[in-house]
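What follows is a set of notes on a single structure, which appears directly below.
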Amino acid sequence: MKKSFRIAALCLTAIMVIGLFAGCGKKNKLVGTWEAVDAGGKPTGDILTLARNGQGSIKDADSGMSGDVKWSVKGNTITMTVSICGMSETTEGTYTVSGKKLTIITDEGASYYIKK
């Protein structure tokens with residue numbers, strides 16, 4: 001009985017240590033709140049927020065509509081699923097982060113953001 005308890009305690013400790021080290025990984029530059037800008041760098045008022053857990057939100061300044069975002073990254077490819085008013089659309093593109101500037105290029109063109 002003591003041996004089983006000790007093995008269980010060791011397993012639990014190992015899981016906790018792995019969890020601590022997993023949280024010490026490289027900081028994701030995409031996490032945060034971004035404001036869309038036009039090609040000239042003028043803010044549009046649209047806001048994209050990306051959380052560390054792969055969730056986020058988006059708000060359109062013109063219509064005032066907002067929605068949920070699910071996102072993931074593999075290499076320099078970002079996949080985002082935006083859900084607004086019960087409808088969802090998934091978009092995939094390449095991204096670059098340079099300082100506080102985010103550029104996402106999809107089949108539809110380029111989108112530019114500045115970190116708030």
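What follows draws every value from the coordinates through simple rules; no lab data is involved. Nothing here was measured: the structure is a model prediction, and the numbers come from that model. When we count neighbours, we look across all protein chains shown, and the Cβ atoms used for this are built from the backbone with ideal geometry, even at glycine.
Values for this structure:
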{"read-out": "P(r) of the stretch 27-115 over all Cα-Cα pairs, binned every 5 Å from zero, in whole percent", "value": "3, 14, 25, 31, 20, 7, 1"}
{"read-out": "The stretch 24-71 shape via C-alpha gyration tensor axes, a/c threshold 1.5", "value": "oblate"}
{"read-out": "Net charge contributed by nearby residues that have their C-beta within less than 11 Å of S66 (K/R +1, D/E -1)", "value": "-2"}
{"read-out": "Stretchable slack from T94 to S66, in nm (0.36 nm times residue separation minus alpha-carbon distance)", "value": "7.7 nm"}
{"read-out": "Cα→Cβ-extended label distance, 7 Å offset, between E108 and K27, nm", "value": "3.1 nm"}
{"read-out": "For the stretch 48-64, Karplus couplings with θ = phi - 60° (6.51, -1.76, 1.60), whole Hz, Gly/Pro x", "value": "10, 10, 10, 9, 4, 7, x, 9, x, 8, 9, 9, 8, 5, 5, 8, x"}
